[in-house]
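Enquirer: Below is the structure I would like to discuss, written out as structure tokens.
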Amino acid sequence: MTVSFQPASGPARRTVVAAAGAAGLAVALTACGGSDDGASAAPAESGGAADDAANGGGSSGSAGGTPLASTADIPEGGGKVFADQRVVVVQPSAGEFKAYSATCTHQGCAVKSVSDGLINCPCHNSNFSVTDGSVSSGPATKPLPEVRITVDGDSITLA
């Protein structure tokens, strides 16, 4: 009986390991990445409304924006996260409505809730003030960018 010590034909182990690693990386990047279609990402993009506000732009805009909610849906001192639009709308004081990007400035996770005057990110427990989007507790070090909204009667829309 003769025993052969020749390797069996097929892909080398190095090839299989590299392919598995590449596939895993692709899945991770897809899961962490955002949408590139631009339709739903526009309101929360950094540099959009935040830069407009920094350059003297106000909260005025066309009434043709994306409808979000009724003013009655946003509790005073609290707010509501609109995950599909990647925006969080808050009411810091009676009749005052503001909106911020719902993407945490720490590592890009989506904020999930608003309670006790804070916008909360569950990934690493960063919290942001409903008053101005500033960091209340980290690890985030940058505030949430403001997103322009319009309030017309009892309707809140993205500007």
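Enquirer: So how exposed is residue 151, as accessible area in Å² (1.4 Å probe, rounded to 10)?
Expert: 70
Enquirer: Mind checking the full-extension length gain between residue 151 and residue 124? Use 0.36 nm per residue of separation minus the Cα-Cα distance, one decimal, nm.
Expert: Gain in length upon complete extension: 6.5 nm.
Enquirer: So the label point goes 7 Å from the Cα of residue 137 along Cα→C-beta, right? Which residues of the range 91-117 then have their backbone N under 20 Å from it?
Expert: Only 103-117 pass the distance filter.
Enquirer: Net charge around residue 67, counting only other residues with Cβ within less than 13 Å of its Cβ (Lys, Arg = +1; Asp, Glu = -1)?
Expert: So the surrounding residues net to -4.
The values are calculated or read from the model by the stated rules, or taken from the named source; none is laboratory data. Because the structure is predicted, anything quoted here is derived from the model rather than measured. Methodologically, a virtual Cβ is constructed for each residue, glycine included, from the backbone with ideal geometry; neighbour enumeration extends over all protein chains shown. These area figures cover heavy atoms from the full protein model, side chains too; ligands, DNA and RNA do not enter into them. Shrake-Rupley method; radii C 1.70, N 1.55, O 1.52, S 1.80 Å.
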